[in-house]
Amino acid sequence: MADKDIFFVFLFLAFTKLSLGAGKECCSSVLLDSDLAVHKIQGDKLGFYTQLGYYGARPAYRQQGGEFFIFYYEEEQHWIDSRYFYGASLFSKLVNEMDGYCLDDHNNWSFYNGSDLMYSEVLTSNCSKIEDVCCKELRISSANSDVIIDKEPYYNNQSKDSLGDYKAIGIINGRFVYQKENLDSFLEYGGKHWTVSYGVGQNTGHIIHQGGSVCPEHIEKEWQISYTNADGDWEWKDDPFLKITCVKKMTDMTPKEEHQDTGPVAQAYIQTEHAGQASSYSAETIVLGCITMVLLSMMIAFFTRRFYRAWGRGAQGKQLLFETLDIEQAGENQASFNKFEDQ
């Protein structure tokens, strides 16, 4: 092909890719989750994220109630996390090795295990809202709460007071934070663990789980409670019977006719439904679609003209195809080469 033809084709492909990417809708709310092993190492970066504008020509996200960001890093063509701001690649601990337009297009995540990046099949990102996944009302209970061993209760007063029913009061670090009704007792995730304490933001409490999960009711074991040893020092001990159960999910409490607002979202190209009408598309998508159609029409007209010219000169079969696409046949190339050698 001639240089101008090649340029024309590349221009067409570029506009086609741009129009397809721009018209694609991505999740405005995503869940980044994994198993207990990853939670113990990088759990503070997991949880629920909400779209906050764009970066690198793709949607970018910030952890709900947290300090972490996830964005597409154009220089290395993959998705990464950052504690600081969009574009900050230093000290990134999570990497999704794919260049899809949406974060959830494909899961190829690796996490920093303290020395290297390690691939994980269970580290995933998907379209999810916290109210659809985690419970809003919880119950913390244990069969050991009234057990007495050697005349000593298994639970001290503080740990026993931490049991009971809790309700979600907000979102911190990508997870619900809960409070016991009318009491200064909170269940909160922070510092890579779930803790029941006397105040939001405290690092100590009387019930704890190292590592945790995105939803506390999904944790099945390894809960610990506080106690005082023979020297009067506070320590942790396991309670294999402690469990957190769901009393009622948030979506169960939402009247179907009401719309739940998950907060401000910088999500473009959202289709809106109108009564009696089909979904509409954004102006940008329509413009890019029109440009694509125009370029396609120009290509068809260009090659159709070449086809008729070649056909008018008597070209048929492969010769007609070669002349239409401006491709020289092997025989002609060899003849030109032999002529050059004779000279």
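The values are calculated or read from the model by the stated rules, or taken from the named source; none is laboratory data. Small disclaimer: the values here were computed from a predicted structure and weren't measured. Every residue, glycine among them, receives a Cβ derived from its backbone with ideal geometry; neighbour counts consider all protein chains shown. Areas reflect the complete protein model, heavy atoms only, side chains present, ligands, DNA and RNA absent. Shrake-Rupley method; radii C 1.70, N 1.55, O 1.52, S 1.80 Å.
Quick one: how many residues across the stretch 139-172 are under 39 Å from the mean Cα position of the chain (by Cα) and either open to solvent by 70 Å² or more (accessible area, probe 1.4 Å) or of a type in the set (Val, Ile, Thr) (or both)?
Final tally of qualifying residues: 10.
Might you let me know whether the stretch 123-133 holds any residue that is of a type outside the set (Ser, Thr, Tyr), open to solvent by 20 Å² or more (accessible area, probe 1.4 Å) and free of Cβ contacts under 8 Å to residues at least 40 places away in the same chain?
no
Does the stretch 173-187 contain any residue that is in contact (Cβ under 8 Å) with a residue 24 or more places away in the chain and of a type in the set (Gly, Ala, Ser)?
Within the stretch 173-187, one or more residues are in contact (Cβ under 8 Å) with a residue 24 or more places away in the chain and of a type in the set (Gly, Ala, Ser).
Taking the conditions exactly as written (under 24 Å from the mean Cα position of the chain (by Cα) and β-branched (Val, Ile, Thr)), does Val196 satisfy them or not?
no
Could you run through the stretch 70-97 and say how many residues are open to solvent by less than 20 Å² (accessible area, probe 1.4 Å) and modelled with pLDDT of 95 or more?
11
Mind checking whether some residue in the stretch 134-147 is modelled with pLDDT of 95 or more and at positive phi?
Scanning the stretch 134-147 turns up no residue that is modelled with pLDDT of 95 or more and at positive phi.
Can you name every residue in the stretch 301-327 that is outside any helix (DSSP H, G or I) and without any contact (Cβ under 8 Å) to a residue 60 or more places away in the chain?
Arg313, Gly314, Ala315, Gln316
Can you tell me which residue is nearest to Asp132 (Cα to Cα) among those in the stretch 28-80 that are of a type in the set (Ser, Thr, Tyr) and in a strand (DSSP E or B)?
Across the stretch 28-80, the extreme among qualifying residues is Ser29.
Can you tell me which residue within the stretch 185-198, out of those that are touching a strand residue (DSSP E or B) at 6+ places or on another chain (Cβ under 9 Å) and in a loop (DSSP other than H, G, I, E, B), is least open to solvent (accessible area, probe 1.4 Å)?
Result: Ser185.
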